[in-house]
Structure formats: structure tokens, C-alpha cells
Amino acid sequence: MVLSTVLVVGYVVLLILVAARARTAREYEDFSIAKRSLPLALVFGSLCATYVGPGFSIGFVGRGYNSGFLFLFIGAAYAVQNILVGLLIAPKLRELKGCYTLGDAIGQKYDSRCQLAAGIISVLLCTLFASVMISAGANVLENMLGLEKWVAVAVVAVVTTSYTTFGGLRASVITDAYHFALHAFLFTGILLYVLLFHFKGGAASFAQEAVAATTHGFQTTTPLEIVTFVIAFLLGETLIPPYANLALASQTTKVSRVSFILAGGFAIVWFAVMIAIGIVARPLVAADASEDSILLKLVKATVHHAGYTLMMVALLSVILSSLDSLLNAGAVVFTQDILRRFTLRRDSAALTAGRYSTIVIAAVGSGLAVFVPSVIKGLLVCYGIWAPAILPALIIGLWSKKPRPLAAFLSMIVGTIVGAAVGIVFLVSQQGRVSKVETPAIVPALACSLLAYLIGHHIQRCLGRADR
Amino acid sequence: MSVLVLPAIILATAVVILSGLWVTIALVRAVRRVDRPGAVPSTEPAHKNSP
């Protein structure tokens, strides 16, 4: 217990020291997009640290244990998504002048009403994502230190909010780099340690376990499930506000492009390592263990207690690195797309508003965190809303020569309503049960959003003809 | 053929560790440089404005 507390306190002190060195943001442009000065390695590290959340660490280890390399093929869709964003969208975003958020980009392509709608949707989603991350971080602290749930929620929220409020995006990115280094060394360290000292049989035995798990994975997963997973991985997290902010804050358009392409490539090797941890756990962890507990049971069974605490610290860092990016992105979107549309034209007022917004989003997220049913279900609800609500309007707007505002507005409203409704219906209908197909909300909502875009496009075109 | 799976995983592990080292070096540089005035200017200002 004492060692656990020392390790956690040491981690937090180092985190605060790193964040303090990032210095306080003194201008709104510094707070929101780090004055467009972020180099390739930091944008890459922040992107990877943000997307490696509980699902891409604990979740993938569990999937590796049960389904072998099946989820490497499914996860490849996530890599493809990042590479496509890097090739097609991130440089276009970075080129836009005076653009601080996705809402700004949508506002420039359509009109201010669309920017406001995009801003409201983005803030709501950032708050929901933040509540899921705060809940996940509180679960780790509860397990590690035996704290009450509300105390754990408060600790996670206060620590993350403290440096994000003052340092803005730069502090978020620099602490993300610290977290990324922790993930990279600790998770690979676990894999190598178990392979060297606990896994018997070498390469042949590993291949045997991998084949058995992968065969089991393909036998127990229907093609429909595979397709829905691939769609969720391909679209669910595409350009959520923290990623968009990194694209906008990159030093150059080249940095913006290359960082997303490298982050996509990194996703593949990361998934391979996580799945391999799941495979080496097969002879060491009992088969009746739940998927989410495989990693912790493996670490408990093989590593000294201090190693277990270090693993918990790594999990906490996985969560905080996603949370700080979400808080900063939510605050910038709220200030830029909502407050600055009506008031707060001055830079200093926007900076102050950005700081207060960070605190408010963290407070609301903490309040909601108590009600989050499970991390994965919470994330899937968020994905089911984000992609249909924003992506059709954004992507068509960036590539179309004459995008029509009514089309974007209808697409965003319909995508949000259908995504939220389907997500809530699935949550309620699955209460107390575990569904095998967890990701269908995104498909009908995306179809409705695209249909609404087409309808809006044609209505406005017809109205334009009638006016002439 | 399947025996090559483990070496491929070791290679992936090495890539993750090297990525961690690369980002750590960038982090140390950023933390050292961040207090110097004018240390982190954008080299390419945004230039295209699309109506």
C-alpha cells in the first residue's frame, strides 16, 4: 500500500513538473492551437497517447486472449482511418486561415449557423467523452488505492483540469508525450518480461496459441459483427475535436499530414503488441476471467506487487492523456464556436473564457461520470453520435466546390438525433445483458445523416433556382 | 511460417519502444526550449482562406 501510494504520488508529481514546464498560456492562440508551433514528434505522440485509451489497451489485451489476431485485422480499419485523414483532411484543415476548431472550418465552408451547430455538438460530445474517461480513471484509482468513487472522480478531474486550465493545448500535448513514453515502455516491458520469464515453449508455442485463439475468434464472430466493428473503427473516432485541434496546431501542413499517417501506422504495431500480451496470457490466466480483467490478472500473476502498481499507473496515464486533450478541445470549441460568435471578441477575454470553460466541462463531466454504465458502452454511444453528426458535413464541405449550408445543418441535426436515439435505445434494451453486437448505432445514423445532407442540398438548390 | 509470428511481434515491440524514445527526446527538447522567447514559431502560417 505504501509503495503503491509512493508510485502514484511520484507519477503525479512528475506529471505536474512536466506540465509546469509547458508554461502558462498567455494568449488565446497559444491556449487553443499552441500558436501552430507543434513539431512532428509531439503531434504524433499526442495523437497516439489520446487514442490509446482503455479500449485500445485493456480492451485489446482481452480481445487478443479470446480472439487472437482477429482484432488486428479489424483494428487495421482504425489505421486506415488515420492514414486517410492524414492524406485527405488534416492538411486541408491546416491550410485554412483563422481556423481554431472544426466548427471554424465548417463555418468557413457553410455559414455561422452551421458553425454554431457544430460547436454545440462538439462540446456535448467532448463532455460525454470526458465523463467516460473520468469514470474509467476513477475505476483505476478505486482499485489501486481503495478510494470512494466520488473521491476518485474528484482526484482524476482536479489533477487533469489543473494543468489543462493554465497550460492549454501545449500543456496537454507535452503531458501526452510523457504519457506516451510511459505507455510505450511499460506495456512492451510487460510483454517482454512475460515472454522471457513465464511463457513456456518459445516461438512454436506462441504460434500455436495465436492460431488457436484466432481460429476461435473467427468461429465465434459473425460476418455482420466483423463489418459493424470495422465501421466503428473506421469512422467512430474520426477527427474528434482533440485530433482536429492537433491537425490545426501542427507546425506545417506537412507535419499535419505525416503525423496522422505515422499515427495510423503506429496503431497497427500497438494493436499487435496488445494482442500478443493477450496471447501470452492464455496459458497463465484462467479461461473464465472477464475480457477486461485479463491484463490485470496477468500482471498480478507474473509481476511483483510494485510492477502491478506500475501497471495501474500506466493505465491511469492512458486515461489522463485522453482526458486532458478532451477537456482542452471542449473548452476551445465552446469559446470559439459558441461564445465568440456572440461576444468575447478580445483575445484576453477569450483566453479567460477558455480557462473557465475547461473547469466547467470537467465539473459537468465529473457529475456525469458517476452514471456511466461501462467504459466501452459509453464510448460506443459517443462514437454513434460523432461520426453521423459531423463527418458528412465536414468532409463534403472540405472537398465540395459549392457546399450548401442547409445540407450541412440538416445533416448535423439528423445525425445527432438519430445517433443519440439509437444509442440510447440500445443501452436501455441491453440493460443487464451483454450484447455481442455492440456497434450498430453508427450505421443507421450515418445513413440518415447522408440522406439529410442530400435532401438539404437539393432543397437549397431548388430554392436558389426559384429565387433567380 | 507460423513460427515467424513471434519474431514479428518482437519487431513490433521494438518499433513501439523506438517510438517511445523518439517522443521522449522531443519531450525533453520541448521542455528545455519552451521558456526561451521565440523558440517555437510556426514555420508555415496558414495561407489559404476558403469562403
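Remark: A:Ala387 matches the filter, which requires a residue to be at pLDDT below 90, closer than 28 Å to A:Asn328 by Cβ and crowded, with 22+ Cβ neighbours inside 10 Å. Scanning the range A:37-46 for residues that are surrounded by fewer than 24 Cβ atoms within 10 Å (Cβ to Cβ) and either at the interface with another protein chain (Cβ under 7 Å from one of its Cβ atoms) or assigned to a loop (DSSP other than H, G, I, E, B) (or both) gives A:Ser37, A:Pro39, A:Ala41.
Of A:Ala213, A:Ala207, A:Ala154, all but one fail to be part of a helix (DSSP H, G or I), within 11 Å of another protein chain (Cβ to nearest Cβ) and at pLDDT 90 or above; the exception is A:Ala207.
Determine the pairs where a residue that is among the β-branched types (Val, Ile, Thr), located within the range A:390-411, has a partner that is open to solvent by 10 Å² or more (accessible area, probe 1.4 Å) and not in a helix (DSSP H, G or I) with Cβ atoms under 8 Å apart, the partner being 6 or more residues away or on another chain. Pairs found: A:Ile396/A:Pro403. Inspection of the range A:337-344 identifies at least one residue that is open to solvent by 40 Å² or more (accessible area, probe 1.4 Å) and either on the phi > 0 side of the Ramachandran plot or under 19 Å from the mean Cα position of the chain (by Cα) (or both). Entry remark, the range A:236-259: residues being facing chain B (nearest Cβ under 10 Å) and not in a helix (DSSP H, G or I) number 3 in total.
Scanning the range A:285-333 for residues being in a loop (DSSP other than H, G, I, E, B) and among the hydroxyl-bearing types (Ser, Thr, Tyr) gives a total of 1. For the range A:196-225, taking the residues that are of a type outside the set (Gly, Ala, Ser), open to solvent by less than 50 Å² (accessible area, probe 1.4 Å) and in contact with a Leu (Cβ under 8 Å, 6 or more places away or on another chain), the one that is farthest from A:Ala445 (Cα to Cα) is identified as A:Phe199.
May I ask you to verify whether A:Ser131 is more than 9 Å from chain B (Cβ to nearest Cβ), polar (S, T, N, Q) and surrounded by 20 or more Cβ atoms within 10 Å (Cβ to Cβ)? For A:Ser131, the condition - more than 9 Å from chain B (Cβ to nearest Cβ), polar (S, T, N, Q) and surrounded by 20 or more Cβ atoms within 10 Å (Cβ to Cβ) - is met.
The values are calculated or read from the model by the stated rules, or taken from the named source; none is laboratory data. Quick caveat, the model's predicted, so the values are computed rather than measured. Ideal geometry is used to build each Cβ from the backbone, glycine not excepted, and the neighbour counts take in all protein chains shown. All accessible areas refer to the heavy atoms of the entire protein, side chains included, with ligands and DNA or RNA removed. Shrake-Rupley method; radii C 1.70, N 1.55, O 1.52, S 1.80 Å.
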